[in-house]
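Q: Next up is a structure, given as structure tokens.
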Amino acid sequence: MADNLNPASAAKAGPDSVPGNAVNISIKHLYKIFGPNPAQHLAAVQQGMSKQELRDVHGHVLGLRDISIDMPAGGIQVVMGLSGSGKSTLIRHINRLIEPTAGELWAGEHNVLAMSPRALRHFRRERTAMVFQNFALFPHLTVQQNTEYGLQVQHVKHKKRQEAAARWIERVGLKGYEDSYPNQLSGGMQQRVGLARALTNDAPILLMDEAFSALDPMIRSDMQSVLLDLQQELGKTIVFITHDLEEALRLGDRIAILRDGEVVQQGTGQQIVLKPADDYISSFIKDVNRGRVIRCRTLMTPGVTVDGPSVDAGLVLEEVARVLSAEGKDAANVTNSRGKPLGSITMSDLIAAMVPPKAEEAT
């Protein structure tokens, strides 16, 4: 079967071609029902049959219901939720490790669900890379050999894959450990190998399924910093699965929160923290440090200047408070990245936003 293309792109891509470098991912009305006859129950699920009825009466399990998410090219899309919410099921649809019951999934201009076997193999090997929670390293291979593995599968020449692997091993901070085996490394070091292996493939889409969840808090924070630093340079499309809201807010350009296989809310971290969609989301964010999420452009008074330092509109409130404290000022001017004045923000604005009123907490 040939790949289905958007009409506008059909003339410029062959049947077995795959997405280019700047790849957005678009998921449209995706359903997944596990069981012997999923198609038989699809219409009932689409009309609102509950997850419990599907399981108890019909012996099928609802994995995903009507998922629609547009994931930006070159950004980090976080999908989060508690255990059983469907987040790991969702990420495995992107490279078709799991086939959906219904829906569409596009990578750039290409319909992933309609790819031919040849194009799908190429897509999995060269256009996507995956980092797992349990590291998934080959115990009998060294750090160097594990990192080279994806290029070896692609039949890249030995010298070229050695050079590429060595470069990424150094970039993730493992230079000197090339000849070590996984059982000689700590958990954090093993996860760095997994990340280096994924980056060595130079795939435009990076899928990370609970990649840092098994790590100790300090190592986990360090790996988050490594990922953010690399992303600044590489600009890959990253889909990051987590159950941790703090991690989601730190990493995600956009966040989608799942519950029982459905999207409850999606948007930027700031949008979710400031305007939770329901009580379920409110319970997630009640202990969030707002000062590390909300940016001063949201609170500034437009067009007003003050006698005080200048801060970038993209700074989070906690960073602005540090600037004001260091300068001994009660207000700051807000500018864009080119230094153009946009407005101003006061210390009282910061405090009010970082400490929600009791009425909001009660709600």
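The values are calculated or read from the model by the stated rules, or taken from the named source; none is laboratory data. This is a predicted model, so every value here is computed, not measured. Methodologically, a virtual Cβ is constructed for each residue, glycine included, from the backbone with ideal geometry; neighbour enumeration extends over all protein chains shown.
Q: Spot the failing condition for residue 186; the list is (1) within 18 Å of the chain's Cα centre (by Cα); (2) within 30 Å of residue 86 (Cα to Cα), and only one is missed.
A: (1)
Q: Here's something else I'd like to know. Out of 323, 306, 293, I need the residue that is closer than 16 Å to residue 351 by Cβ, modelled with pLDDT of 90 or more and not polar (S, T, N, Q). Which one? Lay out the reasoning, then the answer.
A: Values: 306 fails: closer than 16 Å to residue 351 by Cβ; 293 fails: modelled with pLDDT of 90 or more.
Every option except 323 fails the conditions.
Q: If a residue must be free of Cβ contacts under 8 Å to residues at least 24 places away in the same chain and assigned to a loop (DSSP other than H, G, I, E, B), how many such residues does the stretch 292-324 contain?
A: Counting residues in the stretch 292-324 that are free of Cβ contacts under 8 Å to residues at least 24 places away in the same chain and assigned to a loop (DSSP other than H, G, I, E, B) gives 2.
Q: Of everything in the stretch 323-353, what is of a type in the set (Lys, Arg) and closer than 15 Å to residue 297 by Cα? Give them in sequence order. First the steps, then the outcome.
A: To start, the set of residues in the stretch 323-353 that are of a type in the set (Lys, Arg) comprises 329, 338, 340.
Hits for the stretch 323-353 are 338, 340.
Q: Suppose we keep only residues that are hydroxyl-bearing (Ser, Thr, Tyr) and free of Cβ contacts under 8 Å to residues at least 24 places away in the same chain within the stretch 201-257. Which one would you say is nearest to residue 289 (Cα to Cα)? Outline the logic, then answer.
A: Of the residues in the stretch 201-257, the ones hydroxyl-bearing (Ser, Thr, Tyr) are 213, 221, 225, 237, 242.
Cutting the leftovers down to free of Cβ contacts under 8 Å to residues at least 24 places away in the same chain gives us 221, 225.
On the way: 221: 16, 225: 18 Å.
Here the answer is 221.
Q: Separate question: When you look at residue 263, is it part of a loop (DSSP other than H, G, I, E, B), under 27 Å from residue 245 (Cα atoms) and touching an Asp or Glu at 6+ places or on another chain (Cβ under 9 Å), yes or no? Even if it seems obvious, please write down each step before you answer.
A: Working: part of a loop (DSSP other than H, G, I, E, B): no; under 27 Å from residue 245 (Cα atoms): yes; touching an Asp or Glu at 6+ places or on another chain (Cβ under 9 Å): yes.
Against the criterion (part of a loop (DSSP other than H, G, I, E, B), under 27 Å from residue 245 (Cα atoms) and touching an Asp or Glu at 6+ places or on another chain (Cβ under 9 Å)), residue 263 does not qualify.
Q: Another question about this same structure. Residue check: is residue 262 free of Cβ contacts under 8 Å to residues at least 40 places away in the same chain, assigned by TED's automatic domain parsing to the domain that holds residue 92 and not aliphatic (A, V, I, L, M)? Talk me through it step by step, then tell me what you get.
A: Values: free of Cβ contacts under 8 Å to residues at least 40 places away in the same chain: no; assigned by TED's automatic domain parsing to the domain that holds residue 92: yes; not aliphatic (A, V, I, L, M): yes.
Taking the combined requirement at face value, the residue does not satisfy it.
Q: Identify, please: which residue in the stretch 208-252 is of a type in the set (Ser, Thr, Tyr) and surrounded by 17 or more Cβ atoms within 10 Å (Cβ to Cβ) and is, among those, nearest to residue 188 (Cα to Cα)?
A: As a first pass, look at the stretch 208-252 and keep what is of a type in the set (Ser, Thr, Tyr): 213, 221, 225, 237, 242.
Then keep just the ones that are surrounded by 17 or more Cβ atoms within 10 Å (Cβ to Cβ); that gives 237, 242.
Numbers: 237: 23, 242: 17 Å.
Across the stretch 208-252, the extreme among qualifying residues is 242.
Q: For the stretch 211-220, what are the residues that are part of a helix (DSSP H, G or I) and under 13 Å from residue 192 (Cα atoms)? Before the answer, list the steps.
A: Going residue by residue through the stretch 211-220, those that are part of a helix (DSSP H, G or I) are 217-220.
Within the stretch 211-220, 219, 220 meet the criteria.
Q: Take the residues of the stretch 93-124 that are in a helix (DSSP H, G or I) and basic (Lys, Arg): which is farthest from the chain's Cα centre (by Cα)?
A: Among residues in the stretch 93-124 that are in a helix (DSSP H, G or I) and basic (Lys, Arg), the one farthest from the chain's Cα centre (by Cα) is 118.
Q: Among the residues that make up the stretch 235-246, is at least one of them at pLDDT below 90 and in contact with a helix residue (DSSP H, G or I) (Cβ under 8 Å, 6 or more places away or on another chain)?
A: There is at least one residue in the stretch 235-246 that is at pLDDT below 90 and in contact with a helix residue (DSSP H, G or I) (Cβ under 8 Å, 6 or more places away or on another chain).
Q: Collect the residues in the stretch 253-288 that are surrounded by fewer than 22 Cβ atoms within 10 Å (Cβ to Cβ) and small (Gly, Ala, Ser), keeping them in residue-number order.
A: Matches in the stretch 253-288: 267, 277, 282, 283.
Q: Oh, and also: Looking at this structure, is residue 145 free of Cβ contacts under 8 Å to residues at least 12 places away in the same chain and more than 23 Å from the chain's Cα centre (by Cα)? First the steps, then the outcome.
A: Values: free of Cβ contacts under 8 Å to residues at least 12 places away in the same chain: yes; more than 23 Å from the chain's Cα centre (by Cα): yes.
Yes.
Q: Would you please name the residue that is nearest to residue 81 (Cα to Cα), looking only at residues in the stretch 271-287 that are assigned to a helix (DSSP H, G or I) and more than 20 Å from the chain's Cα centre (by Cα)? Outline the logic, then answer.
A: Residues of the stretch 271-287 that are assigned to a helix (DSSP H, G or I), as a first pass: 271-274, 279-285.
Now narrow it down to the ones that are more than 20 Å from the chain's Cα centre (by Cα): 274, 279-280, 282-283.
Details: 274: 18, 279: 14, 280: 11, 282: 13, 283: 12 Å.
The residue in question is 280.
Q: Please go through the stretch 313-335 and pick out each residue that is of a type in the set (S, T, N, Q) and under 30 Å from the mean Cα position of the chain (by Cα).
A: Initial filter on the stretch 313-335 (of a type in the set (S, T, N, Q)): 325, 333, 335.
Of everything in the stretch 313-335, just one residue is of a type in the set (S, T, N, Q) and under 30 Å from the mean Cα position of the chain (by Cα), namely 335.
Q: I'd like to check something: does the stretch 287-306 contain any residue that is assigned by TED's automatic domain parsing to the domain that holds residue 95 and hydroxyl-bearing (Ser, Thr, Tyr)?
A: No, the conditions are met nowhere in the stretch 287-306.
Q: Please enumerate the residues belonging to the stretch 129-140 that are assigned to a loop (DSSP other than H, G, I, E, B) and farther than 12 Å from residue 190 by Cα. Give the steps one after another, and end with the answer.
A: Of all residues in the stretch 129-140, those assigned to a loop (DSSP other than H, G, I, E, B) come to 133-140.
Residue satisfying the conditions is 140 alone.
Q: Next question. Tell me yes or no: at least one residue of the stretch 34-57 is surrounded by 21 or more Cβ atoms within 10 Å (Cβ to Cβ) and not in a helix (DSSP H, G or I).
A: The answer is no; no qualifying residue exists.
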